[in-house]
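Asks: Below is the structure I would like to discuss, written out as C-alpha cells.
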Amino acid sequence: MGHSTATETAQYNMVYRQVRPWQVLDQRVTDLLATIPRADFVPAAKRALAFSDIQLPIGNGEVMMEPRVEARMLQALNPQPGERALEVGTGSGFITACLAEMCNQVTSVEIDPQLREQALENLATVRSNRRVDVLEGDAAKGWRDGQRYNVIAVTGSLPELHRGFHGSLVIGGRLFVIVGTDPVMEALLITRTGNNSWDCHSLFDTRLPALRGAPAPTPDPYQMP
C-alpha cells in the first residue's frame, strides 16, 4: 500500500516526538514503529488519528494502545529472533505484526470473531502473517495449548493479577501485563526465573480497558459496601 509524504512525516513525528521521549531507546523498536504502516491497522474513519498520542477505538468496544505504550511494551518484552510469542488480544493486528518482525513465531488469540477477521485482513495487507497464527478464543485466564513461550503480551488490562499466564513462560520468558482498575493501573514485566520463581518489575502507570473475560477483582472483606 502506498503512503503519502504527509503520512510518512506523521509516522516519523510519532516516533521522535512521542515514543523516544518516553524512554524508548531500543533501536529495533523505534525502527519498527517507523516502518510498519500503523495507519493500515486503523479503521478507515480513524486513519487521520493513526499517529496521535491517544487510544484509538477499533470497534466492538476495543482500542489500540497509545503508540508510546505499545513501544514501551515491545521494549520491555525484548523479543528476540528464534523466540516464540503469545499475544492475548489480537485487536487490529498491529502489535501482532510488530512481534512477527521481532521474533520467530507468534500465536495471537482474539475473543471477538469480527476483530479476528479484520486483523487477518490487516496482516495480509502488510504481508506480516507468514509467522503468525491468529486464533479465536478466550485467553483472559490463560492460554493452555501445551506450548511454552518466551514472550507473552497481554493487550487489555487485568483488574487483578492472576497466575494463568505464568506457567506458559519458558524459564527466562517475559510477560507484559497492565493490572488494576480505573483510575490506577500499573504496567508490569514479569520474568520467569526458575521452575517456581518469577520476578515482577513495575514499568509505568497507565490506563487501558479491561481484557474481555478477565476475572473481576476479589472484593475486599474490610471495605464498606
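Asks: Taking only the alpha carbons of region 112-225, what extent do you get along each of the three principal axes, in Å, biggest first?
Replies: Rounded to whole Å, the extents work out to 52, 35, 26 Å.
Asks: Same structure again: Can you work out the accessible area per residue across the chain, with the rest of the protein chains kept in place, probe 1.4 Å, in square angstrom? Don't skip to the end; give the middle numbers.
Replies: Values: 10640 Å² over 225 residues.
Result: 47 Å² of accessible area for each residue.
Asks: Can you give me the relative contact order of region 159-201 as a percent, contacts being Cα pairs under 8 Å and 6 or more apart? Don't skip to the end; give the middle numbers.
Replies: On the way: 64 pairs, mean separation 14.4, N = 43.
Dividing the mean separation by the residue count of region 159-201 yields 34 percent.
Asks: Relative contact order of region 54-194, please, whole-number percent, based on alpha carbon pairs below 8 angstrom and at least 6 residues apart.
Replies: This gives 20 percent for region 54-194.
Asks: Also, I was wondering about something else. Which of Ser202, Ser168, Ser92 moves the most in a Gaussian network model of the chain with Cα springs under 10 Å?
Replies: Ser202
Asks: Could you work out the relative contact order of region 55-131? I mean the mean sequence separation of Cα pairs under 8 Å and 6+ apart, divided by the number of residues, in percent. Provide the component values of the computation, followed by the final result.
Replies: Numbers: 100 pairs, mean separation 20.8, N = 77.
RCO, region 55-131: 27 percent.
Asks: Could you state the per residue volume, in Å³, of the convex hull enclosing the Cα atoms of region 41-178? Walk me through the numbers before you get to the answer.
Replies: Working: hull volume 14.2 nm³, N = 138.
In region 41-178, the Cα hull volume divided by residue count equals 103 Å³.
Asks: Could you work out the mean projected area of the convex hull around the alpha carbons of region 160-225, in square nanometres to one decimal? Each step should come with its number before you reach the end.
Replies: Working: hull surface 22.4 nm².
Reported value for the Cα convex hull: 5.6 nm².
Asks: Where the accessible area of the chain is counted over protein heavy atoms with a 1.4 Å probe, how much of it, in %, is carbon and sulfur?
Replies: Working: 5350 of 10640 Å².
For the chain, the apolar C and S fraction of the accessible surface comes to 50 percent.
Asks: Highest GNM mean-square fluctuation, the chain, Cα pairs closer than 10 Å: which of Asp53, Asp145, Asp26?
Replies: Most flexible of the set in this elastic network: Asp145.
The values are calculated or read from the model by the stated rules, or taken from the named source; none is laboratory data. Bear in mind the structure is a predicted one, so any value in this text is a computation, not a measurement. Quick note on the areas: whole protein, heavy atoms, side chains included, nothing else; ligands and nucleic acids left out. Shrake-Rupley method; radii C 1.70, N 1.55, O 1.52, S 1.80 Å.
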